[in-house]
Amino acid sequence: MGSHLCDRLLEQGCEVIALDNLSTGRLSHIEHLIAHPRFTLLRHDVTVALPELPLPLHEIYNLACPASPAYYLDRPVQTNLSSVLGMWRLLELARSTGARVLQASTSEAYGDPQEHPQREGYWGHVNPVGPRACYDEGKRCAEAMCVSYNSQCQVSVRIARIFNTYGPRLPAGDGRVVSNFISQALRGEPLTVFGEGTQTRSFCYVDDTVDGLMRLMASDEQGPVNIGNPGEFTVLALAQQVLDLTGSRSPLVHKALPVDDPVRRRPDIGLAERALGWRPRVDLRTGLQRTIAHLRKEVAAAPVDIKVPPEQLSRSPERRPEQPMRPELIFP
Ligand code: UDP
């Protein structure tokens, strides 16, 4: 999503400084920008003190955090810190420079929602100590911090709750369902359906999501604002669409459902429509076709390691074996 946002901002004539630790992003996604006179890439982790940046700064988009459950379940400490410490550092930067901050929050702020569709006023149903807590609670804390910096320090903040986003540059087999299914279908491997596949998601094409974020940044609405496509599909329906569009004969194989995997998810986008004049334009079929065209090249070019969450996080938490945690901690 970051590389698409950079493309759009540069098209609009902005000067862009991108900070990325490249833990889940790829250099190849911004290779075409490296020589651009208004683009700078700094390899940096937001949990570490920020480098000095050229002034003035007008807008800060905070997209820093692994978004695929397969990554964040594997690195919960770094995930938590990237949301919490990263948010703090960027809000401090905004405080000292007068820049506006847009926080890329998430539909996971609603957890496994008990209200459907999800409106921004719904407080959510999150397991604060489950395996997804590192992501969900990290993002919720980041939202709270935005509101605190706004009320105490007058920092201008915008909060977007982004629902499942997909599109070209999704790394092959990165653990997210769209990427896994397309990669598996193209390789003729079984599509890994977690649980029965009756859980639902709403998939938003990346250009639409980026458009929503930029409109929010430019608007008077602080948010939170849902940015997502209200079309709702079961995981099985998605699998079927992927098989149809790729012409693959891959079978489906059912795997254990990850702990706390939300059962239903669909945004109410009434606020985005009213306040931003935004609604998604690209339907799932068109978006999948474009994503398949991109992944076809990637799958053909290099071997793909398709990620699924570790087995111990796919059973009930009681049966989860005790494991000593030795993360590579990054202190500020
Ligand atoms: N999923 C699946 N097979 C996969 C990857 C994911 O069935 O190979 C399911 C997952 O259990 C969830 C949905 O697809 O119900 C969306 O998962 P994803 O990781 O893309 O995003 P999430 O919405 O969980 O953050």
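Values for this structure:
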| quantity | calculated |
| --- | --- |
| Span from the region 145-197 Cα centroid across to the region 219-254 one, whole angstrom | 11 |
| Cα-centred dipole magnitude for region 145-203, charges only on beta-carbon of K, R (+1) and D, E (-1), debye, nearest 20 | 220 |
| Calculated [θ] (222 nm, deg cm²/dmol) that DSSP helices of n ≥ 4 give over the chain, each run adding -39,500 (n - 2.57) | -11500 deg cm²/dmol |
| Residues with amide H under 5 Å from that of Thr106, placed H, sequence gap 5 or more | Ile162 |
| Shape of region 57-174, Cα gyration tensor, a/c cut at 1.5 | prolate |
| Among Val210, Thr291, Pro69 - extreme Cα towards positive end, dipole of the chain, charges at beta-carbon | Thr291 |
| Virtual spin-label span in nm between Ala302 and Asp283, 7 Å along Cα→Cβ | 3.5 |
| Three-way shape label, the chain, alpha-carbon gyration tensor, a/c 1.5 | rounded |
| Unit charges on C-beta of K, R, D, E only; dipole of region 191-297, Debye | 440 |
| Cut-off under 5 Å, modelled amide H: who pairs with Arg158 long-range | Val101, Leu102, Gln103 |
| The chain - charge dipole about Cα centre, Lys and Arg +1 at Cβ, Asp and Glu -1, debye rounded to 20 | 400 |
| Three-way shape label, region 1-43, alpha-carbon gyration tensor, a/c 1.5 | prolate |
| Net charge, Cys6 excluded, C-beta distance under 12 Å - Lys, Arg +1, Asp, Glu -1 | -2 |
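Every number in this text was worked out from the coordinates using simple rules, so none of it is lab data. The structure presented is a predicted model; accordingly, all values stated were derived computationally and were not measured. Note that we place each Cβ from the backbone using ideal geometry, even for glycine, and neighbour counts take in every protein chain shown.
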